[in-house]
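Here's the structure, in structure tokens; my notes come after.
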């Protein structure tokens, strides 16, 4: 394994660990607190997306984190890809699940 690959593996591991820690932290909050935070984050993302002049370039690790969470939400809520557009605002849902296909094919 090259040095660059080791760094990539380490970075991806840190992304997974930080996501797991965030899930544990979220589990300790009340439902109303979670709902308000989601509403606030959604508004901020809507503003950010509206102000952006060109599409952002996402790193593979960022794609991985978002794809994992979105796939879990899609399965848990039994949503279609089109309905996921209500919560996926930074990219088109079809793009997000295209990334999922690409990441699965890399295995």
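The values are calculated or read from the model by the stated rules, or taken from the named source; none is laboratory data. In this text, all values refer to a predicted model and were calculated from it rather than measured experimentally. Cβ coordinates were reconstructed from backbone atoms using ideal geometry, including for glycine residues, and neighbour counts include every protein chain displayed.
If residue 79 satisfies every condition in (1) closer than 20 Å to residue 23 by Cα; (2) surrounded by 11 or more Cβ atoms within 10 Å (Cβ to Cβ); (3) more than 15 Å from the chain's Cα centre (by Cα) but one, which is the exception?
Among (1) closer than 20 Å to residue 23 by Cα; (2) surrounded by 11 or more Cβ atoms within 10 Å (Cβ to Cβ); (3) more than 15 Å from the chain's Cα centre (by Cα), residue 79 violates only (1).
Looking at residue 12, is it modelled with pLDDT under 85, touching a helix residue (DSSP H, G or I) at 6+ places or on another chain (Cβ under 6 Å) and part of a helix (DSSP H, G or I)?
The answer is no for residue 12.
Based on what the data block shows, is residue 1 in contact with a helix residue (DSSP H, G or I) (Cβ under 8 Å, 6 or more places away or on another chain), modelled with pLDDT of 80 or more and closer than 22 Å to residue 105 by Cβ?
No: the conditions fail for residue 1.
If a residue has to be touching a residue at least 40 places away in the same chain (Cβ under 8 Å) and within 27 Å of residue 11 (Cα to Cα) to count, how many in segment 37-47 make the cut?
Matching residues across segment 37-47 total 2.
Which ones in segment 63-83 are closer than 21 Å to residue 15 by Cβ and without any contact (Cβ under 8 Å) to a residue 24 or more places away in the chain?
Matches in segment 63-83: 72, 73, 74, 75, 76.
Looking at (1) surrounded by 10 or more Cβ atoms within 10 Å (Cβ to Cβ); (2) free of Cβ contacts under 8 Å to residues at least 12 places away in the same chain; (3) closer than 30 Å to residue 105 by Cβ, which is the one condition that is false for residue 34?
The single condition residue 34 does not satisfy is (3).
For segment 47-76, how many residues are surrounded by 12 or more Cβ atoms within 10 Å (Cβ to Cβ) and assigned to a helix (DSSP H, G or I)?
Going through segment 47-76 one residue at a time, the tally reaches 16.
Between a residue in segment 1-18 that is in contact (Cβ under 8 Å) with a residue 40 or more places away in the chain and any residue that is part of a helix (DSSP H, G or I), which pairs come within a Cβ distance under 7 Å, given they are 6 or more apart or on different chains?
Listed pairs, sorted by first residue: 11/61; 12/61; 12/64; 15/61; 15/64; 15/65.
Residues in segment 80-100 that are in a loop (DSSP other than H, G, I, E, B) and within 11 Å of residue 66 (Cα to Cα): how many?
Total meeting the criteria: 3.
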